[in-house]
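Chemist: Let me give you the structure first, and then I'll get to my questions.
The values are calculated or read from the model by the stated rules, or taken from the named source; none is laboratory data. For clarity, every value in this text was computed on a predicted model and none was experimentally measured. Cβ sites come from the backbone with ideal geometry, for glycine too, and all protein chains shown count toward neighbours. Remember, those area values only see protein heavy atoms, side chains included, never the ligands or the DNA or RNA. Shrake-Rupley method; radii C 1.70, N 1.55, O 1.52, S 1.80 Å.
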Amino acid sequence: MIEANTRAFRAATLALCLGSAMIFANLHVVQSLLPTFAQQFQLTELEASWSLTITILTLGLSLLVYGPLSDAIGRKPIMVVTMAGTVLTTLALSQVESYTSLLVLRGLQGLFLGGLPAIAIAYMGDEFTRKAVVLAVGVYISANSLGGVTGRMVGGFVGEHFGWAAAFGAMGVLSAVLLAVFVWLLPKSQNFHPKPLHPLHIARDMGGHLRNPVLLVAFLIAGGNFMIFLNQYSYITFVLAAAPYHLSPHALGLLFLTYLSGTLAAALSGRVTQYFSAPVGMGLGIVLLMGGTLLTLIPHLYAIVWGFMVSSLGFFLTHSLASSWVSHHALQARASASSLYLVFYYMGAGVGGFVLAPFWAWDGWLGIVVGSLLVYSLTLGCSMWLYRWQKRADERRVWV
């Protein structure tokens, strides 16, 4: 087993972080380009956001396949093959001329993007000691946010100066380099033990997780929060591209630097549990999400940026704690529980554009804020339910 703070630990963690950054950069490269798509292809805001939505939906569905498949045939080969597929589809996107072709390729790309997120933590569980896993997971989730920032900035900068097709080309070249480094750095599996692929057993495990309220509530927190958080970024690009802000795609890409506060929150989430229980930490994160959302109502660019920084801090704090909660409270088949968590996470993000669309049509950004607070109120209630459950569980252990 790989121990924390060893050379093998650093190499494997760096490889997984670079792979994660590559995946999320490709996922989010279109987000700062949404106003450009709307203008060039004569689309509504919702139609332009499909270039992100369809990728997230197919990514979420693919997670149901890759986790169980990796239990049967191995971790690293699937990650490498799917990352290679991501590179090829990104390069192909740089050659399309119609929005329909772009959507088809983005949907296909989502199927490849799910490979590494579905398997990376399972790889850590196989190869790392328990202490090493705890250290690596926070850093790995931080890399998710860094990848998202990188993709949006590449999309915005290259898209503004050379066109949206060139943005895909640049991302494809960068992704090919990261894939080569990933293959070189990541150690081969030493402790992987294949298991037969039994669809009925998989379905039984998934059904058991869905019937477990302690897990299901955490799934709902993940899906609800990401539903709003990600799609707020999509809608705010249309606000900031219009009067009185008139931000260029490059400047819109810089907005996503607000993700960096989330990078810090994810890296430090383990320390939060030294002072608060995980449900309290999740609730604190959701309160920050609500506060950050309210800040964006101040009609000043700096206030909007600060609002998204606060929201990012709250989102990644809650996400890190909720994903760890699922891993610790799954009674069996932890890999499938983590995969199901991510399915809710990404499917929530995928439908968020449609959920918020009526609020946008009703009153623009104010409508988005109202819709966001409604959903965040529900996820805050879920975190309070988990707190009460944990308190009762602790009381039972004391009496026993």
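Chemist: Given a Förster radius of 41 Å and the C-beta distance between L294 and H161 as r, what FRET efficiency does 1/(1 + (r/R0)^6) yield to the nearest 0.05?
Modeler: That pair, L294 with H161, gives E of 0.70.
Chemist: Give the label of the value calculated from the structure for Rg and Dmax of the Cα atoms in Å, choosing from [x] 21.5, 76; [y] 35.3, 147; [z] 20.3, 68.
Modeler: It is the one labelled [z].
Chemist: Of L373, L340, H209, whose Cα points farthest to the positive end of the dipole of the chain (charges on the beta-carbon: +1 Lys, Arg; -1 Asp, Glu; origin at the Cα centre)?
Modeler: After comparing all options, I get H209.
Chemist: Continuing with the same structure: How would D205, D394 rank on accessible area, largest to smallest, probe 1.4 Å?
Modeler: Sorted by accessible area, descending: D394, D205.
Chemist: Of the chymotrypsin sites (Phe, Trp or Tyr not before Pro) in region 196-294, which ones lie in a loop per DSSP and count no more than 10 other C-beta atoms within 10 Å?
Modeler: Passing sites in region 196-294 are Y275.
Chemist: Scan the chain and note any complete DSSP helix (H) whose C-alpha atoms cover at least 15 Å along its axis and whose Kyte-Doolittle average is 0.0 or more.
Modeler: 7-28, 45-73, 76-93, 99-113, 115-127, 130-162, 164-185, 213-241, 259-272, 278-295, 301-329, 334-399
Chemist: Given labels modelled 7 Å from the Cα in the Cβ direction, how far is it in nm from A180 to L200?
Modeler: 4.9 nm
Chemist: Given the DSSP H assignment, sum -39500 (n - 2.57) over each helix run of at least 4 residues in the chain and divide by its residue total; what's the result at 222 nm in deg cm²/dmol, nearest 500?
Modeler: Per the formula, -29500 deg cm²/dmol.
Chemist: Using only alpha carbon positions, build the gyration tensor of region 54-144, then give the equivalent ellipsoid semi-axes as the square roots of 5 times its eigenvalues, largest first, whole angstrom.
Modeler: They are 29, 13, 11 Å, listed largest first.
Chemist: Let me ask another. Can you give me the Cα centroid spacing of region 108-125 and region 217-250 in angstrom?
Modeler: If we compute the Cα centre of each part, the gap is 24 Å.
Chemist: How far is it, in nm, from the label point at H328 to the one at R130 when both lie 7 Å from their Cα along the line to the Cβ?
Modeler: 1.2 nm
Chemist: Hey, got a sec? Which trypsin sites (Lys or Arg not before Pro) in region 188-271 land in a DSSP loop and have at most 16 other Cβ atoms within 10 Å?
Modeler: When the trypsin sites (Lys or Arg not before Pro) of region 188-271 are filtered for loop state and at most 16 Cβ neighbours within 10 Å, K188 remain.
Chemist: Test of understanding: extend the Cα→C-beta vector of H250 to 7 Å, then name every residue of region 151-172 with backbone N under 15 Å from that spot.
Modeler: 153-164, 167
Chemist: Let me ask another. At a probe radius of 1.4 Å, what is the per-residue accessible area of M309, in Å² to the nearest 10?
Modeler: 60 Å²
Chemist: Jot down the per residue volume, in cubic angstrom and as a whole number, of the convex hull over the alpha-carbon atoms of region 171-307.
Modeler: 202 Å³
Chemist: Using just the C-alpha positions of region 298-400 as equal point scatterers, what log10 of I(q)/I(0) does the Debye formula give at each q in 0.17, 0.19 1/Å?
Modeler: -1.00, -1.15
Chemist: Quote the accessible area belonging to H193 in square angstrom, nearest 10, computed with a 1.4 Å probe and with ligands, DNA and RNA left uncounted.
Modeler: Estimated to the nearest 10 Å², H193 gives 140 Å².
Chemist: Can you list residues from other chains, or at least 5 along the same chain, whose modelled amide H is less than 5 Å from the amide H of K195?
Modeler: Amide H to amide H, under 5 Å and 5 or more residues apart or across chains, K195 pairs with A72.
Chemist: If you don't mind, another one. Leaving ligands, DNA and RNA out of it, work out the accessible area of T89 with a 1.4 Å probe and give it in Å² to the nearest 10.
Modeler: 10 Å²
Chemist: Using label points projected 7 Å from each Cα along Cα→Cβ, tell me how many nm separate L61 and A303, to one decimal.
Modeler: Spacing of the two 7 Å Cα→Cβ label points: 4.2 nm.
Chemist: What's the long-distance tail for region 351-400, i.e. % of Cα pairs beyond 14 Å?
Modeler: Here the tail beyond 14 Å accounts for 64 percent of pairs.
Chemist: If you don't mind, there's one more thing I want to ask. With charges only on Cβ, +1 for K and R and -1 for D and E, what is the dipole size of region 49-146 about its Cα centre, in debye, rounded to 20?
Modeler: Dipole of region 49-146, to the nearest 20 debye: 200 debye.
Chemist: To make sure I understand the rule: partners must be aspartates and glutamates, Cα under 20 Å from the Cα of K195, and not fewer than 8 residues away in the same chain. Which ones qualify?
Modeler: Within the straight-line limit of under 20 Å, K195 reaches these aspartates and glutamates: D71, D126, E127, D205.
Chemist: Where in the chain lies the longest segment free of GluC sites (Glu not before Pro) that are both loop residues by DSSP (not H, G, I, E, B) and have at most 13 other Cβ atoms within 10 Å?
Modeler: My reading of the result: 98-400 is the longest stretch.
Chemist: Given 0.36 nm per residue, what is the gain on full extension from A242 to L91 after removing their alpha carbon distance, in nm?
Modeler: 51.3 nm
Chemist: Are there chymotrypsin sites (Phe, Trp or Tyr not before Pro) in region 345-400 that DSSP marks as loop and that have at most 11 other Cβ atoms within 10 Å, and which are they?
Modeler: Nothing satisfies the criteria.
Chemist: Under 5 Å between amide H atoms, partner at least 5 residues away or on a different chain: which partners does F128 have, H built in plane at 1.01 Å?
Modeler: Excluding prolines and chain starts, which carry no amide H, the hits are I2.
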